[in-house]
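What follows is one structure encoded as structure tokens, with my remarks underneath.
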Amino acid sequence: MKKKAAADTGTAAGTDGQDMNRQTVVTGNQNDGGIAVSFLDGDLEVRADFTPPSGRGAPLTYEQAVLALEKLNIVYGVRQDAVGEAVLACNLDRKPVRNVLIAKGDAPVNEVAEYYEMNPLLIEKSRRPDEKARIDHRSYSPFVIVKKDQALAKLRFHKQGKEGKNVHGVPLPFEVIRPEGVSAGENTRIDGRLILAGINGQLVVEKKVLSVRNSLVIKGAVDYGTGNIIFPGDVVIEGPVSDGFRIYSGGSVTIKQTFDVTDVITKGDLVVSGGIIGRRPALVKSGGAIKTKFIENCRVAARKTITVDSEIINSSVFTLENIDLGEKGLILGGDIYAVRGIRAGGIGKKSGKPTRIHCGIDFTAQQEKEKNNNQMRILAAKLEKLRELYENSQPDSGQRAKIEELIHRLTEEQKKAAAAVSDLLGRIVTDENASVEVQGEIVPGTLIEICQVALFVPEPLRKVRVRLDRAAGKVIAEPL
């Protein structure tokens with residue numbers, strides 16, 4: 001350790017910033033060997049420089065060095081072996097031996113009160129990634145989402161303090177440290193040493209109190225500041241949603257402006273104060289109902305009723321209940337599936353994309369049927385090629401046996417797909433009472449299908465109810 005120059009007796013500062021008291025003891029005359037002692041860390045440590053004799057001076061002896069330490073009241077933690085080795089090396093080599101640790105006291109061990117320490121993994125989650133990192137920054141979220149029974153904090157037990165002692169044998173008292181821990185708040189519980197989340201939700205830390213919220217309220221926009229929204233409960237967004245950002249909710253979603261949608265999937269209801277606009281192939285899925293001002297250029301699916309105030313434009317809309325546009329709302333182009341029926345002010349437009357209405361059928365069962373039909377077509381093509389290959393193969397070749405096995409396996413898959421289609425056929429038609437009510441006009445060119453029975457509209461229809469006439473086996477339009 002380097003030290004600044006000091007007088008024979010006085011105080012100096014080490015290069016590490018620690019105050020030290022340096023005292024030099026010269027044994028005999030000025031040419032004799034000597035020892036210079038430095039006190040560091042509040043007299044917890046002593047280091048010494050050993051000086052060889054010059055000219056005809058006498059060498060420093062071990063006894064003289066020990067006597068010098070006693071004069072300086074260095075009585076605790078003395079490293080006698082280090083003193084002896086330094087004296088011997090100094091005398092043999094006739095060179096100074098510097099910075100030798102010759103005594104070390106015991107630092108006090110502070111007492112630490114018990115406290116709850118927050119889970120460090122949760123702290124790490126809230127840190128923003130490096131701006132230069134090659135990641136999709138949409139995946140970053142400043143919100144810490146926790147699961148029910150996840151550990152939020154752990155109790156650190158009380159740690160007993162211990163008195164220390166300096167090189168003079170003077171006791172050094174310990175301090176009592178009281179760390180600023182966290183405590184359990186709303187929707188949390190204490191189990192043993194742990195604070196656990198009581199529900200799935202957002203972890204919030206306010207004034208060192210841990211709480212879990214079952215709803216996420218975003219005051220501003222959904223953008224790179226928030227990342228994609230993935231939340232197990234209800235989500236409320238007061239600002240706009242930037243292009244390319246996704247929203248997944250285990251509860252309901254409320255958006256208080258027009259929604260430029262990329263993807264939104266919610267287990268509960270979706271309520272949009274403005275309209276829903278798809279800027280790219282956009283998907284909206286709701287496990288509950290949907291209520292919005294308009295829907296444009298996107299794919300929307302809901303288990304319950306979809307309520308639209310003004311227009312559905314060039315969109316594919318699916319619901320297992322009703323679509324309600326009131327007496328003035330319009331459906332302008334696209335494919336509309338509503339199991340229970342539709343109420344609107346008008347359907348279709350005179351130019352552009354045609355409008356196709358499908359009611360009374362379970363679109364999920366129909367989509368599954370189409371999927372199985374496609375699979376059967378693929379299997380049939382494969383089987384045809386395999387049978388040709390089988391006919392052209394040598395009777396005694398091993399390839400023939402492998403082809404037989406493959407034909408058998410694909411035939412079994414074909415039977416399973418056919419059985420699934422047969423089962424689905426009985427579930428597709430779900431409501432023969434479904435109807436389409438229009439207060440205004442149904443434009444020519446519109447296709448209305450109820451329970452897989454179609455009506456193509458050749459002339460304008462006004463103020464009509466379109467329904468299935470089961471006795472006649474056709475779809476009819478009757479005045480409201």
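Miscellaneous remarks
- Only one of the listed residues (G220, G239, G225, G244) is within 23 Å of L122 (Cα to Cα), of a type outside the set (S, T, Y) and part of a loop (DSSP other than H, G, I, E, B). That residue is G225.
- Among the residues of segment 155-209, those identified as among the basic types (K, R) and part of a loop (DSSP other than H, G, I, E, B) are R178, R193, K207, K208.
- One residue from G333, G348, G326 being surrounded by 24 or more Cβ atoms within 10 Å (Cβ to Cβ), not acidic (D, E) and not assigned by TED's automatic domain parsing to the domain that holds A420: G348
- Verdict on V443 being at negative phi, surrounded by 12 or more Cβ atoms within 10 Å (Cβ to Cβ) and assigned by TED's automatic domain parsing to the domain that holds I336: yes
- S435 falls short of the stated requirement of being free of Cβ contacts under 8 Å to residues at least 12 places away in the same chain and surrounded by 15 or more Cβ atoms within 10 Å (Cβ to Cβ).
- Only residues that are buried (at least 19 other Cβ atoms within 10 Å of the Cβ), part of a strand (DSSP E or B) and out of contact with any Lys or Arg (no Cβ under 7 Å at 6 or more places or on another chain) were counted in segment 297-307, giving 3.
- Residues of segment 175-199 satisfying the condition of being of a type in the set (S, T, N, Q) and touching a Leu at 6+ places or on another chain (Cβ under 6 Å): T188
- Positions within segment 44-101 being in a loop (DSSP other than H, G, I, E, B), free of Cβ contacts under 8 Å to residues at least 60 places away in the same chain and not aliphatic (A, V, I, L, M), in sequence order: P52, P53, S54, G55, R56, G57, P59, T61, R79, R94, K95, P96
- Answer from R387, R343, R400 - the residue that is among the basic types (K, R) and within 26 Å of E296 (Cα to Cα): R343
The values are calculated or read from the model by the stated rules, or taken from the named source; none is laboratory data. Since we're looking at a predicted model, the values are computed, not measured. Every residue, glycine among them, receives a Cβ derived from its backbone with ideal geometry; neighbour counts consider all protein chains shown.
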